[in-house]
Amino acid sequence: MTFKYRRATPHDAETLRALHVLTFPTDDHENYLEGFWWIVEDAGEPCAFAGMRESFTLPGALYLSRCGVLASHRGKGIQRTLLTRRLAHAKRIYAPAAISTTLNNIPSANNLIRAGFRLYRPEDPWGSAGTLYWLKELT
Ligand SMILES: CC(C)(COP(=O)(O)OP(=O)(O)OC[C@H]1O[C@@H](n2cnc3c(N)ncnc32)[C@H](O)[C@@H]1OP(=O)(O)O)[C@@H](O)C(=O)NCCC(=O)NCCS
């Protein structure tokens, strides 16, 4: 199966919102007009998305904010590829590091480990109990 990965534009905000509802039904929305967003399409239909923005907690670093893959498309390496795409972009714009978080999510944690992330302890942890904090130096 071939998927099309593309950078989202502000015109994609509603598509991102719809994908977020389907993959994070209980979470608050992100701001889809800020930062960097990607959409994955299968035969022209959106099936996954991911975001990246400036970190609020680690100056200069980029935060991999969200990645959601429709249940019908999981287990096909889409999250892994979206991770690679975001890291490539972060390097292109000379970000010194990328960070992310996971909560009770073994596939995501394994994908982050595979991409070279390591666990770290932020000075002021912001997530709920059980959140894991991940960091990858890019320089
Ligand atoms: C977590 C999530 C993004 C993973 O996306 P994905 O595209 O299925 O991930 P990948 O295919 O890259 O990797 C998933 C791993 O689980 C395995 N897997 C097998 N069948 C699977 C299935 N039906 N569903 C999910 N994972 C499966 C994959 O083989 C892979 O493991 P491996 O690398 O050891 O082979 C997706 O499940 C999702 O959107 N979940 C809901 C939202 C969420 O929790 N997002 C992440 C927030 S940190």
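Values for this structure:
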| quantity | calculated |
| --- | --- |
| Number of the condition not met by residue 102 [criteria: (1) buried (at least 17 other Cβ atoms within 10 Å of the Cβ); (2) out of contact with any Cys (no Cβ under 7 Å at 6 or more places or on another chain); (3) within 17 Å of residue 4 (Cβ to Cβ)] | (3) |
| Residues (modelled with pLDDT of 95 or more and closer than 21 Å to residue 103 by Cβ) located in the range 38-60 | 48, 49, 50, 51, 52, 53, 55 |
| Selection count where residues are in contact with an Asp or Glu (Cβ under 8 Å, 6 or more places away or on another chain) and part of a strand (DSSP E or B), scope the range 36-73 | 9 |
| Residue match in the range 50-72 (condition: within 21 Å of residue 12 (Cα to Cα), in contact with a helix residue (DSSP H, G or I) (Cβ under 9 Å, 6 or more places away or on another chain), charged (D, E, K, R) and within 15 Å of the ligand (Cβ to nearest atom)) | yes |
| Residue identified as in contact with a helix residue (DSSP H, G or I) (Cβ under 6 Å, 6 or more places away or on another chain) and not in a strand (DSSP E or B) among 111, 104 | 111 |
| Residue within the range 1-21 that is under 19 Å from residue 92 (Cβ atoms), assigned to a loop (DSSP other than H, G, I, E, B) and modelled with pLDDT of 95 or more present | yes |
| Residue list for the range 75-99, restricted to those being of a type in the set (S, T, N, Q) and surrounded by fewer than 18 Cβ atoms within 10 Å (Cβ to Cβ) | 81, 84 |
| Check on residue 96, over 28 Å from residue 125 (Cβ atoms) and at pLDDT 95 or above | no |
| Some residue of the range 78-90 being within 14 Å of the ligand (Cβ to nearest atom), under 23 Å from residue 114 (Cβ atoms) and in a loop (DSSP other than H, G, I, E, B) | no |
| Residues being within 15 Å of the ligand (Cβ to nearest atom) and either farther than 15 Å from residue 64 by Cα or in contact with a Ser or Thr (Cβ under 9 Å, 6 or more places away or on another chain) (or both) - total across the range 115-134 | 10 |
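The values are calculated or read from the model by the stated rules, or taken from the named source; none is laboratory data. Just so it is clear, the structure is predicted and the values come from calculations on it, not from any experiment. Methodologically, a virtual Cβ is constructed for each residue, glycine included, from the backbone with ideal geometry; neighbour enumeration extends over all protein chains shown.
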